[in-house]
1. Would you point out the residue of the range 380-401, among those that are of a type in the set (V, I, T) and farther than 19 Å from K370 by Cα, that is most open to solvent (accessible area, probe 1.4 Å)?
2. Is it fair to say R260 is open to solvent by 90 Å² or more (accessible area, probe 1.4 Å), assigned to a loop (DSSP other than H, G, I, E, B) and at pLDDT 70 or above?
3. Examine the range 275-289 for a residue that is modelled with pLDDT of 80 or more, open to solvent by 40 Å² or more (accessible area, probe 1.4 Å) and in a helix (DSSP H, G or I), and state whether such a residue exists.
4. Could you list, in sequence order, the residues of the range 154-202 that are open to solvent by less than 20 Å² (accessible area, probe 1.4 Å), without any contact (Cβ under 8 Å) to a residue 24 or more places away in the chain and on the phi > 0 side of the Ramachandran plot?
5. Give the residue that is farthest from P369 (Cα to Cα), with candidates limited to residues of the range 419-445 that are charged (D, E, K, R) and open to solvent by 80 Å² or more (accessible area, probe 1.4 Å).
6. Of all residues in the range 1-33, which are surrounded by fewer than 17 Cβ atoms within 10 Å (Cβ to Cβ) and over 26 Å from L331 (Cα atoms)?
7. Got a sec? Which strands (runs of 3 or more DSSP E) wholly within the range 140-242 have at least 3 residues that are of a type in the set (A, V, I, L, M, F, W, C)?
Amino acid sequence: MSSVEAFVLGYLVNSLWQVPLVCIAAYGCARLARRMNAQAEHWVWVTALLVAAVLPACAFGGSWMLHGLGAGAAGAGTVKVEIGQLTPVTGANLRLPLMLRHVAVMAYLALALFFCARLIWGLIESERLRRGAQRFSPEGDWRRTWQRLCRAFDACDVEIASTPKIAGPLTLGFRRRWLLVPPEFLEKTEAKDVEAALGHELAHIRRRDFAKNVLYELVALPVSYHPAMRWLTSQVQQSREMVCDAMAAEFVMTREDYARSLLRLASMMLDRTPANPIHAIGIFDANILERRVISMIRRPRETKALLRVGFAAVCVLVGAATCGSALALRLDVNEPPPPPAATQAEAAAKAVSIKGSVVAGSRISGENPKYPAEAREKHESGIVILHALISKTGNIASLEVVSGPEVFRQSAMDAVKTWKYKPFMLNGNPTAVDTKIEINYNLGG
């Protein structure tokens, strides 16, 4: 199994359980952060999204946490999941086909490519929508209102255009930012409602939510297949809308008036068919109108500074414990180790003793012994006798010197170790062979 395949399988296996774990921890932290403000809750969900995408790829161990919790040395380290041949206690063999590993990796990569293609297609559709929009400049009172809102949200470089393909205001663009509205939106909608909608979209522009949304999509691509990840992404979107509502209500009008405008805008857009550009940010992207209205009507609670610090500390501790637990229990996907080789005594007990002269005719490959230079200079000769155990496959399983001059022993050992024999058949079955091999060193004259 290649290192790439092992990494992909490890990421896939760990993301299956680590993403829900992060979601559960994030939900608890978000409930605490909500008591501070919408921005704090939003950051909890964004952090959770980034952690859920990165954590399955982290391979450094978490044994320090197990030790800190009182686990002994035997319990520390990582859990190994071996894909291949498994040998249970009963002695039966459970074999996972190699093809299944390849299919899992290919299916995962195909899903990742699909979500990547969908992201690219959404960006292309958003750009087409922008190119098809008709740029215009507000006139009269609307011009002064538009300029005032742009100054309030520090977004004076925003271009405004209209297109019939959308149901309500949308914002898109990276460096050059655009706000798209339906035709005659300014003329046919009440002034307070227009101001609320434009204020909400300019809040998105000030926060650069379009670029952030694309970045989050890119980071989450490896785990986009996971249902829990889609739920986590929706929480990021919902909390983002709450943040922009708070910003718009602060700059545009009172919270109660803003809530009424949200209701009127929602009822006005019900009968319109939206274009569905995936990455354009609209005022009703998240289906939480009721929660948004209630949040605007309800008077915000002031949280004391000490309590805010306590909430933040709890969130950090929960996040650290979650990541530490995920790393400590990480599953590593590796090739199984080769089956333990039989000891020399066990192999010898099962081997058939054959004369060296008979075995010599079955040799099919291997290096010839080299005459040592020292012995050649001194014109020395001699015979080295080796005791060899040949495996069922014809390879040298073990080798030791029985007798012979010291000067020739290493040369004989090095050569015979490379020899390969035809498997010796006994009753139609390959059998290990116990034999002796003689190597005769003679200069011949």
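1. T393
2. no
3. No, there is no match, as no residue in the range 275-289 is modelled with pLDDT of 80 or more, open to solvent by 40 Å² or more (accessible area, probe 1.4 Å) and in a helix (DSSP H, G or I).
4. Correct list: empty.
5. The extreme case among them is K422.
6. R31
7. Hits in the range 140-242: 178-181.
To keep it simple, each residue is scored yes or no on (1) in a helix (DSSP H, G or I); (2) at pLDDT 85 or above; (3) of a type outside the set (G, A, S).
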residue: S15; (1), (2), (3): yes, yes, no
residue: A26; (1), (2), (3): yes, yes, no
residue: A30; (1), (2), (3): yes, yes, no
residue: A48; (1), (2), (3): yes, yes, no
residue: A53; (1), (2), (3): yes, yes, no
residue: L66; (1), (2), (3): yes, no, yes
residue: G70; (1), (2), (3): no, no, no
residue: P88; (1), (2), (3): no, no, yes
residue: A107; (1), (2), (3): yes, yes, no
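The values are calculated or read from the model by the stated rules, or taken from the named source; none is laboratory data. What you see is a predicted model; the values in this text were computed from it and never measured. Neighbour counts are summed over all protein chains in view; Cβ atoms, including those assigned to glycine, are modelled from backbone coordinates with ideal geometry. Each accessible area value is taken on the protein alone, full model and side chains, heavy atoms only, with ligands, DNA and RNA left out. Shrake-Rupley method; radii C 1.70, N 1.55, O 1.52, S 1.80 Å.
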